[in-house]
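J.: This is the structure I want to talk about, given as structure tokens.
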Amino acid sequence: MFSSSTYIERRKALSGKLSGGVVLLLGNGESPINYHANAYRFRQDSTFLYYFGLDLPDLAAIVDVDSGQATLFGDDFTVDDIIWMGPQPSVKELAEKAGVHLTCPRRSLAETVQGYVGKGRKVHTLRPYRAEGYGELREIFGTVPDASVELIRAVVSMRDKKSAEEIAQIEYACDTAYKMHTTAMQMCREGVSEREIAGAMEGIALRRGWGTSFHSIVSQRGEVLHNHNYDGTLENGRLLLVDAGAEATSGYTSDNTRTIPVGGRFSGRQKEIYDIVLAANNHAFEISRPGVRYVDVHLAAARVILDGLQGLGLVKGPVDEAVAAGAHYLFMPHGLGHQMGLDVHDMENLGEQYVGYDDETRRSDDLATRACRMGRRLETGMVVTVEPGIYFVPELIAKWRAEGTCSEFVYFPKVEKYIGFGGIRLEDDMLITPSGNRLLGERRIPITTDEVESVVIKV
Ligand code: GLY
Ligand code: MN
Ligand code: MN
């Protein structure tokens, strides 16, 4: 965790953004696999981590906006716990690390909050995302209260701009991803299983932190966007899509995708599609800077993709009109990127309308932008992913052809020739700077076809 002054300053800034009342932040508890002592790896709630830095279960906190006082709620471990867990810091010691002077037993949380409610003070809460969180709020309030929009906006306005110490942590996670992805490239040859590559990558992530920041995607079926199976064995001539990132022990994350030719040589056809995706990725870096709406970067990347596909005969008609109609959705049915930080999809539990959109830039249902989860204006300090892709999803192609969707822009007989091609995605992590942006990580993971081919170990 950072020094206590970081958390003191963050809580002070949070209080300054709110009109009054108290903020209730619930930390996460353990999540059992089958019984309480056999739990999934503990993951702290990221907003709690942001304001308190304490990465242990069963904590909660109240920040009194009017007095500026913070109280940490938690219980000291008993000897019975310590037999299993080893010596643990006391709640007082934890509070000190977070710059908090007041501590209370966890069981007094409900009564304390009810006391504030009884006095007519506003209690700001966030929307829970686990069943346990709903249960806790119900226990305290008798019902699950509406999340405080004032609090959500205040939290987003802080978490969405990363400080230098946060960026250092994200870059550490990016450097871990560099090692993960170059290892995957080296292993990408016929006969190796997807599972072996996933395992090697996860091992690297664990050696340098908490492990991966989400379920790694390691698949020759790249057109299946969230393919978490690792049951394939690599075959020469196919493409392996690897989407994986790391989580530092501080909780900060990375998220990168590379698409690798099995055996180390792209075919001419693969290279043609690959270079279009790479051009879209590079173009996003060329135009992203403070003040630009990310939905416009999404559309600009879509234009590069449709322009490139027109050159190959898959797309027809005026490209600007094809983009406006959303023809790119057939090839890239996802957004260009999302914010990244303590969560790999940073803050998305707080509500997309506050994180990816705002009063000025609203989510649209149009085909052209409906997949875009991050659309609002970029600001200095934001971290976003840049992840264009081209996929050939047989079911989507068949549906569009049957419906005649975008038939004035898509030349289906040619597109159908790519069924079985799979998919290509190239994902980098970008920091918005006052003058534009920069790629996060010490080095860019090999990305040109020549660079990738040179890393794959040929046998
Ligand atoms: N792996 C999910 C993503 O890139 O957003
Ligand atoms: Mn990803
Ligand atoms: Mn991503």
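The values are calculated or read from the model by the stated rules, or taken from the named source; none is laboratory data. Keep in mind that this is a model prediction, so the values were computed, not measured. Counting neighbours? That spans all protein chains shown, and the Cβs are built from the backbone with ideal geometry, glycine included. Keep in mind that these areas ignore ligands, DNA and RNA; they rest on the heavy atoms of the full protein, side chains included. Shrake-Rupley method; radii C 1.70, N 1.55, O 1.52, S 1.80 Å.
J.: Can you tell me which residues in the stretch 371-402 are assigned to a loop (DSSP other than H, G, I, E, B), among the small types (Gly, Ala, Ser) and under 24 Å from residue 174 (Cα atoms)?
T.: Matches in the stretch 371-402: 375, 381.
J.: Next question. Restricted to the stretch 411-450, and to residues that are part of a helix (DSSP H, G or I) and among the charged types (D, E, K, R), which residue is nearest to ligand 3 (Cβ to nearest atom)?
T.: For the stretch 411-450, the residue satisfying everything is 450.
J.: Please enumerate the residues belonging to the stretch 214-250 that are under 15 Å from the mean Cα position of the chain (by Cα) and open to solvent by 20 Å² or more (accessible area, probe 1.4 Å).
T.: Matches in the stretch 214-250: 214, 215, 225, 226.
Residues are listed down the side, and each one gets a yes or a no for (1) modelled with pLDDT of 95 or more; (2) more than 16 Å from ligand 1 (Cβ to nearest atom); (3) in contact with a Ser or Thr (Cβ under 9 Å, 6 or more places away or on another chain); (4) more than 30 Å from residue 172 (Cα to Cα):
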position	(1), (2), (3), (4)
262	yes, yes, no, no
293	yes, yes, yes, no
315	yes, yes, no, yes
328	yes, yes, no, yes
355	yes, no, no, no
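J.: Still on this structure, please answer the following. Every residue in the stretch 192-205 that is open to solvent by 50 Å² or more (accessible area, probe 1.4 Å) and either within 16 Å of ligand 3 (Cβ to nearest atom) or farther than 13 Å from residue 177 by Cβ (or both), please.
T.: Once the filter is applied, which keeps residues that are open to solvent by 50 Å² or more (accessible area, probe 1.4 Å) and either within 16 Å of ligand 3 (Cβ to nearest atom) or farther than 13 Å from residue 177 by Cβ (or both), the stretch 192-205 yields 195, 196.
J.: Continuing with this model, one more query. Which of the following residues is of a type in the set (D, E, K, R), open to solvent by 10 Å² or more (accessible area, probe 1.4 Å), touching an Asp or Glu at 6+ places or on another chain (Cβ under 6 Å) and away from ligand 1 (no atom under 16 Å from the Cβ): 376, 362?
T.: So the residue among 376, 362 that is of a type in the set (D, E, K, R), open to solvent by 10 Å² or more (accessible area, probe 1.4 Å), touching an Asp or Glu at 6+ places or on another chain (Cβ under 6 Å) and away from ligand 1 (no atom under 16 Å from the Cβ) is 376.
J.: Would you confirm, using the coordinates I've provided, whether residue 176 is in contact (Cβ under 8 Å) with a residue 12 or more places away in the chain and crowded, with 18+ Cβ neighbours inside 10 Å?
T.: When the stated conditions are applied, residue 176 passes them.
J.: Let me ask something else. Among strands (runs of 3 or more DSSP E) lying entirely in the stretch 32-91, which contain 2 or more residues that are open to solvent by 20 Å² or more (accessible area, probe 1.4 Å)?
T.: 32-35
J.: Is it the case that residue 149 is open to solvent by less than 30 Å² (accessible area, probe 1.4 Å) and in contact (Cβ under 8 Å) with a residue 60 or more places away in the chain?
T.: No, not satisfied.
J.: I would also like to ask the following. Keeping to the stretch 253-270, report how many residues are within 15 Å of ligand 2 (Cβ to nearest atom) and part of a loop (DSSP other than H, G, I, E, B).
T.: Qualifying residue count for the region: 2.
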